[in-house]
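Step one of this worksheet: look at the structure below.
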Amino acid sequence: MKLDRMIGILSILLQQEKVTAPYLAEKFEVSRRTISRDIEQLCMAGIPLVTTQGPNGGIAVMDDYKIDRALLTSSDMQAILAGLQSLDSVSGTNRYAQLMEKLSAGASECTADRQICIDLASRRKTSLSAKIGLLHEAIADTRLVSFTYFSPKGESGRQIEPYRLLFHWSSWYVWGWCLERQAFRLFKLNRMTGLSEGGGFKARPVLPPDLSNETVFPHVYDVKARIWPKCRWRLVEECGPESFAEQPDGTLLVRAGFTDEDMIVSWIISFGEDAELLEPAGLRRRLFSLAGAIREKYKDCTEDEQDTQMS
């Protein structure tokens, strides 16, 4: 808190000609004596501060030390504030907004840009915020993190050296060195349970993750599908308007690349009866078998309907 306060005091002094100790004490909710000590320490750190007495007295930074106030415009500050507030949407606190208020103190024209609202929280905000907080501290303290991870390949216990928190593909991830795989791996926070901190570790050079679609989602299968017109909105949202072509009968012909067969099957089934997979031919047979298996599971519904009609 002391370091945050001193940064805030310096920011105010750089943006205003002169301020008084009582003003700073009220602003940071501390005593005048505490402000005096902070000013003294700022001077010891090499910041040339001048204190004058009298009715028009106060604390100021020497003129030749001041930075150009045009360095950050009001629009710049508003953009920064919008970004900081987006982090508050994840943490569930006002920490970052309060930090920005300190940095922008004295710039009366700088307020939050209400035209832009960024919310990075998920539907599981409560549990997600706790995970982000724990991982953030573990990264700062270079401490190992253990957890149970759930993936399409199964459930496994993992221990990693955490290095980066990432928000990508509308979800939160942690990038770290997996002790089991002996390699850098990307873990989705919503798939992690039972997080706990462990012992410290010696940080290694961090390789940045390659998050390009070509690397993470390589196109292994070329898919051709016919989609019914009422699902046009979904194709525009998920794939873009250039991903399909309208046919003479009104249906939409889609050509897309997919990474694996399960993704293709899940995607087609999600349209219900409003889609038909045309290629690959092998997956058409798989869908036919899957439809038969599903029908078998719900055949009692047909029997119930027959009993109802007979009664």
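Numbers below:
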| item | result |
| --- | --- |
| FRET efficiency estimate (nearest 0.05) - Cβ-Cβ, residue 23 to residue 239, R0 35 angstrom | 0.05 |
| Using θ = phi - 60° and Karplus 6.51 cos²θ - 1.76 cosθ + 1.60, couplings along segment 276-290 (whole Hz; Gly, Pro as x) | 9, 7, 9, 9, x, 4, x, 6, 4, 5, 5, 5, 4, 5, 5 |
| Mean Cβ neighbour count within 10 Å, used as a protection proxy, ranking 262-269, 229-236 highest first | 262-269, 229-236 |
| Potential extension, residue 232-residue 262 segment - 0.36 nm per residue separation minus Cα distance | 8.5 nm |
| Estimated distance in nm for a label pair at residue 40 and residue 284, the labels positioned 7 Å out from Cα along Cα-to-Cβ | 8.6 |
| Calculated FRET value between residue 11 and residue 159, using beta carbons and R₀ = 35 Å, to 0.05 | 0.30 |
| Calculated FRET value between residue 295 and residue 183, using beta carbons and R₀ = 35 Å, to 0.05 | 0.20 |
| Point-to-point label distance, residue 276-residue 51, nm (Cα→Cβ direction, 7 Å offset) | 8.5 |
| Exceeding the 25 Å Cα-Cα cut-off - candidates 131/202; 153/202; 224/297 | 153/202; 224/297 |
| Gain in span if fully extended, residue 216 to residue 201, counting 0.36 nm per residue against the direct Cα distance | 2.6 nm |
| Segment 180-236 versus segment 39-59: alpha-carbon centroid distance in Å | 52 |
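The numbers here are math on the coordinates, done by the rules we state, and not lab data. The model shown is predicted, which means the values in this text are computed figures rather than measured ones. Positions of Cβ are backbone-derived with ideal geometry, glycine not excepted, and every protein chain shown enters the neighbour counts.
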